[in-house]
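Inspection log for the structure reproduced underneath, given as structure tokens.
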Amino acid sequence: MILHHEFIRTAKQFKEKLAIKDRTTDREVTYERALIASLILAKRFKKFKDGDIGVMIPTSAGSFLTTMGIVFAGKTPVMINYSTGAAENAEYAQQKCGFKTIITSRALLEKIGCRLVNGMVFIEDIMEQLRPTEKLAAALRSKMASGMIIKSLPKANIDDNVVILFTSGSEKDPKAVQLTHRNIGSNIEDLKKVFEFSAEDIFMCVLPLFHVFGHTGNLWLPMTVGMTAVTNANPLEFKKIPKLIREEKATIIAGTPSFFAGYLREAKPGDFESLRITLAGADKTPQWLRDAYMKKQNTVLLEAYGATETSPGVSVNTPEHNRPGSIGKVLPSVRVKIVDIDSGEELPTGKEGKILVKGDLIMKGYFDDIEETSLRIKDGWYDTGDMGMFDEDGYLYHRGRLKRFVKIGGEMVSLVRTESIMEKYLPDGIECCIVEVPDSVKGGKIVAAVTAAVEERDLVKKMSKELPSIALPKQFVVIKEFPKMGSGKIDFRTVTRWVRSKIE
């Protein structure tokens, strides 16, 4: 599907229905008004010379309409992470992708204390400068048939970029991922099939649009299906969001495990009663969190798996097919194989290897980086860099990043497995991150970073029942608060650097 064309058809079908209910600004936008606003903004954005335009606006009616307006204008939105180092991220994106204009919000810059970057244009100013004639012209265009509106826009191809997103940068400098209409569209079609999404659903949208999970799931999915998207700009408002779910009778929410832990901590009994899909992704979901959701809210927390480069969904657990601990069954149009990390040979069921993915969901490539693209995509297969395996029933299991497997004393050790075992025995509310540091005897040793002091000897004794000695932490370091990415993931690269500086 061509996403903005599908949105136009949906907007024409559901004219008076609420498309966006913005709970940060108390703004309500019907599908008809969303279409008019997108047409108005498209005309404005056409005036900018850049083929790409940066977007740095929190999840809101403003970010939805700005992003769609850029696509309507025949240009590509480049989504910028404002959660940490906003100004530096903006300049990095401009330099990497070769554009100048960034649509942002004055309110955002003031709130996060971000300096002005050359090329920034405030959405508040654009809206204030709109003339009555512009609004009237867009309103008249919106009355035309869908086909006529589509013909009046710049020609679009299914393989055109619809967004550029940046990888998290948790392991190395962020890469600019080009996703097309075909990529995101294929993911939406698959998700609609397995979850039976419909226009009756109300999506609680809290994820930032600079994250692929939010861009596909919170923006294009509800806007092409005809759902009502209830938006909240800050996913870290743990007290507010459970209240919004209850008030709006939301049926779907997608988030990261760290966000869901915060919501559960602040939720009152029955807050999540209306939810039929509670989907966690972007990081591993610990068993204690699944158990706590069921015990405290009678809510099944479903785990999914994906990557920025896969638009994002690769596999999901669903209410009908859910195997806790797995990352679900592969989506209908997607192919996955597990291969030996050395030979590249496909491995049978039950054998652990590297996860490769193929299908229409695979990115066009990294912007201006043919070398890195060719390293990650071969014969149409995308190398996720993750380790995993299939069980006999077709459920996929994630065993961690290949980069988080280390060789100690000649043996391969999974840092993620050590983390998973430790999490089972940690007191509630304490996080851990396992890193490797150089060791003169065995080449490396396992160190546990934790957010509070623990009974180290007792904890290691419990873990030793499930792990070999070589995989047990030899030292503990307390870091009161782990640095996080915008998605809520632990910034592993920074934690590793901190731990090594404390020990070395």
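The values are calculated or read from the model by the stated rules, or taken from the named source; none is laboratory data. Just so it is clear, the model here is predicted, and its values are computed rather than measured. When we count neighbours, we look across all protein chains shown, and the Cβ atoms used for this are built from the backbone with ideal geometry, even at glycine.
Applying the selection to region 127-154, what residues are at pLDDT 95 or above and either assigned to a loop (DSSP other than H, G, I, E, B) or under 30 Å from residue 85 (Cβ atoms) (or both)?
Of everything in region 127-154, those that are at pLDDT 95 or above and either assigned to a loop (DSSP other than H, G, I, E, B) or under 30 Å from residue 85 (Cβ atoms) (or both) turn out to be 143, 144, 145, 153, 154.
Any idea which residue in region 396-420 is modelled with the highest pLDDT, counting only those that are surrounded by 17 or more Cβ atoms within 10 Å (Cβ to Cβ), of a type in the set (Lys, Arg) and not in a helix (DSSP H, G or I)?
Result: 399.
Can you find a residue in region 217-233 that is closer than 17 Å to residue 81 by Cβ, touching a residue at least 40 places away in the same chain (Cβ under 8 Å) and more than 12 Å from the chain's Cα centre (by Cα)?
Yes, because at least one residue in region 217-233 is closer than 17 Å to residue 81 by Cβ, touching a residue at least 40 places away in the same chain (Cβ under 8 Å) and more than 12 Å from the chain's Cα centre (by Cα).
So residue 220 passes all but one of these: (1) touching a helix residue (DSSP H, G or I) at 6+ places or on another chain (Cβ under 8 Å); (2) crowded, with 23+ Cβ neighbours inside 10 Å; (3) part of a loop (DSSP other than H, G, I, E, B). Which condition number does it fail?
(3)
Taking only region 155-198 into account, find how many residues are in a helix (DSSP H, G or I) and either of a type in the set (Val, Ile, Thr) or free of Cβ contacts under 8 Å to residues at least 60 places away in the same chain (or both).
Going through region 155-198 one residue at a time, the tally reaches 4.
Which ones in region 164-213 are modelled with pLDDT of 95 or more and on the phi > 0 side of the Ramachandran plot?
Once the filter is applied, which keeps residues that are modelled with pLDDT of 95 or more and on the phi > 0 side of the Ramachandran plot, region 164-213 yields only 196.
From (1) surrounded by 16 or more Cβ atoms within 10 Å (Cβ to Cβ); (2) in contact (Cβ under 8 Å) with a residue 40 or more places away in the chain, pick out the condition that doesn't hold for residue 139.
For residue 139, the exception is condition (1).
One line per residue, one yes/no per condition, for (1) buried (at least 20 other Cβ atoms within 10 Å of the Cβ); (2) out of contact with any strand residue (DSSP E or B) (no Cβ under 9 Å at 6 or more places or on another chain); (3) closer than 20 Å to residue 358 by Cβ:
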| residue | (1), (2), (3) |
| --- | --- |
| 272 | yes, no, no |
| 287 | no, no, no |
| 295 | no, yes, no |
| 304 | yes, no, yes |
| 307 | yes, no, yes |
| 315 | yes, no, yes |
| 325 | no, no, no |
| 338 | yes, no, yes |
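Select from region 23-44 the residues that are out of contact with any Phe, Trp or Tyr (no Cβ under 9 Å at 6 or more places or on another chain) and of a type in the set (Val, Ile, Thr) and list them in ascending order.
24, 25, 36, 40
Quick check on residue 449: is it free of Cβ contacts under 8 Å to residues at least 40 places away in the same chain, outside any helix (DSSP H, G or I) and not charged (D, E, K, R)?
For residue 449, the condition - free of Cβ contacts under 8 Å to residues at least 40 places away in the same chain, outside any helix (DSSP H, G or I) and not charged (D, E, K, R) - is not met.
Considering only residues that are touching a Lys or Arg at 6+ places or on another chain (Cβ under 6 Å), touching a residue at least 60 places away in the same chain (Cβ under 8 Å) and closer than 19 Å to residue 397 by Cβ, which ones fall in region 411-439?
416 - this is the single residue of region 411-439 that is touching a Lys or Arg at 6+ places or on another chain (Cβ under 6 Å), touching a residue at least 60 places away in the same chain (Cβ under 8 Å) and closer than 19 Å to residue 397 by Cβ.
Among the candidates 70, 36, 80, single out the residue that is crowded, with 24+ Cβ neighbours inside 10 Å, over 19 Å from the mean Cα position of the chain (by Cα) and of a type in the set (A, V, I, L, M, F, W, C).
Answer to the selection: 70.
Of these, 359, 255, 353, 281, which one is surrounded by 15 or more Cβ atoms within 10 Å (Cβ to Cβ) and in contact with a Leu (Cβ under 6 Å, 6 or more places away or on another chain)?
353
I'd like the residue in region 276-299 that is in contact (Cβ under 8 Å) with a residue 12 or more places away in the chain, among the charged types (D, E, K, R) and part of a helix (DSSP H, G or I) and, out of all such residues, is farthest from residue 427 (Cα to Cα).
Applying the filter and picking the extreme gives 296.
Which members of region 421-433 meet the condition of being surrounded by fewer than 16 Cβ atoms within 10 Å (Cβ to Cβ), more than 14 Å from residue 455 (Cβ to Cβ) and not charged (D, E, K, R)?
429
Does any residue in region 330-343 that is more than 15 Å from residue 191 (Cα to Cα) and touching a residue at least 24 places away in the same chain (Cβ under 8 Å) come within less than 6 Å, Cβ to Cβ, of a residue that is of a type outside the set (A, V, I, L, M, F, W, C) and surrounded by fewer than 14 Cβ atoms within 10 Å (Cβ to Cβ) six or more places away or on a different chain, and which pairs are these?
Every condition considered, the pairs that remain are 337/346.
For region 421-435, check the following and say yes or no: at least one residue is in contact with a Phe, Trp or Tyr (Cβ under 9 Å, 6 or more places away or on another chain), aliphatic (A, V, I, L, M) and at pLDDT below 90.
no
Can you pull out the residues in region 234-270 that are assigned to a loop (DSSP other than H, G, I, E, B) and either of a type outside the set (D, E, K, R) or closer than 25 Å to residue 194 by Cα (or both)?
Step one: of region 234-270, the residues assigned to a loop (DSSP other than H, G, I, E, B) are 234-239, 249-251, 256, 267-270.
The answer is 234, 235, 236, 238, 249, 250, 251, 256, 267, 269, 270.
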